[in-house]
Amino acid sequence: MNPLLFNFPEEFETERLIIRMPRPGDGKAVYDSIKASITELKPWMPFAQKEQSETDVEANIRESYINFLKRNDLRLLVFLKETGEFIASSGLHRINWSIPKFEIGYWIDTRHSGKGYMTEAVQGITDFAVNELKARRIEIRCESTNMKSRAIPEKLGFVLEGILKNEGLSAESNELRDTCVYAKVIN
């Protein structure tokens, strides 16, 4: 089936969160969040290596919106249900619709870390992928030394399938890094 013809919700909720596709105009909230969290994002996230303007982030949001509609990449923004405040970015990436297979990526605004929001969001996104997108495989990949990112798939019952040695370069230092591959396989 052509993924463009695949209809599914553009927004869903968990107990405390609203998770939805990016929309034009979301750039300011995401920019403010990146700015507040840059110190924590820099060691892990390639996008945090160069300074971005609010306009740059808005352009990226609009590209993400288009990619969502085209079903090329399903970026998802996370908001607190109670206040509507943006707190995290996640999504379903490296999609193979023929399986279907997805990789979940994520980062959270530092001001909201340590409260279980990202774990809740990743569980919600996993459920969405399984129930709405009929996922058969979901992966989470992260740098082996990023213990906060590793804790999420471990809490959610993803299986560590392996650690790929010298698999890439760290975002900040360009040194070789090892990548953990966690997966949830749905039969």
Extension reserve of the E172-T110 stretch, reckoned as 0.36 nm per residue once the Cα distance is removed: 20.5 nm
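For the chain, give me the percentage of DSSP beta bridges that are antiparallel, rounded to the nearest 5 percent.
Percent antiparallel among DSSP bridges in the chain is about 90.
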Residue-by-residue Karplus 3J(HN,Hα) for segment 152-160, coefficients 6.51, -1.76, 1.60, Hz, glycine and proline x: 5, x, 5, 5, 8, x, 5, 9, 6
For C142, residues with placed amide H under 5 Å, excluding near neighbours: C180, Y182
Virtual spin-label span in nm between R94 and A59, 7 Å along Cα→Cβ: 2.7
In sequence order, calculated HN-Hα J values of segment 11-17 (Karplus, 6.51, -1.76, 1.60; Hz; x Gly/Pro): 8, 8, 10, 10, 4, 10, 10
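Would you mind telling me the share, in percent, of accessible area of the chain contributed by carbon and sulfur at probe 1.4 angstrom?
Result for the chain: 49 percent of the exposed heavy-atom area is carbon or sulfur.
With a/c under 1.5 counting as rounded, go ahead and sort the chain into rounded, prolate or oblate using the C-alpha gyration tensor (a ≥ b ≥ c being the square roots of the eigenvalues; past the cut-off, prolate if a/b is larger than b/c, else oblate). Present the calculation step by step, with values, prior to reporting the outcome.
Numbers: a/c = 1.35, a/b = 1.02, b/c = 1.32.
It comes out rounded by the Cα gyration axes.
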1.4 Å probe accessible area per residue over the chain, in Å²: 52
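Any idea what the relative contact order of the chain is, in percent, if you count C-alpha pairs under 8 Å spaced at least 6 apart?
20
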Charge dipole magnitude, Cβ of K and R +1, D and E -1 - segment 68-187, Cα centre, debye nearest 20: 360
Anchor K165: lysines whose Cα lies under 26 Å away (excluding residues fewer than 8 positions away in-chain): K42, K101, K148, K155, K184
Note, ³J(HN,Hα) from phi for segment 32-49, Karplus 6.51, -1.76, 1.60, rounded to Hz, x at Gly and Pro: 4, 5, 4, 4, 5, 10, 4, 4, 7, 7, 3, x, 10, 10, x, 5, 7, 7
Straight-distance crosslink candidates among lysines, where the alpha carbon sits under 18 Å from K28 and sequence neighbours closer than 8 are dropped: K50
Gyration tensor (alpha-carbon) shape descriptor, segment 18-65, a/c threshold 1.5: prolate
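The values are calculated or read from the model by the stated rules, or taken from the named source; none is laboratory data. Given the structure is predicted, the values throughout are model-derived calculations rather than measurements. Heads up, the Cβs are rebuilt from the backbone with ideal geometry, glycines too, and the neighbour counts pull from every protein chain shown. The accessibility values were calculated without ligands, DNA or RNA, using every heavy atom of the protein model including side chains. Shrake-Rupley method; radii C 1.70, N 1.55, O 1.52, S 1.80 Å.
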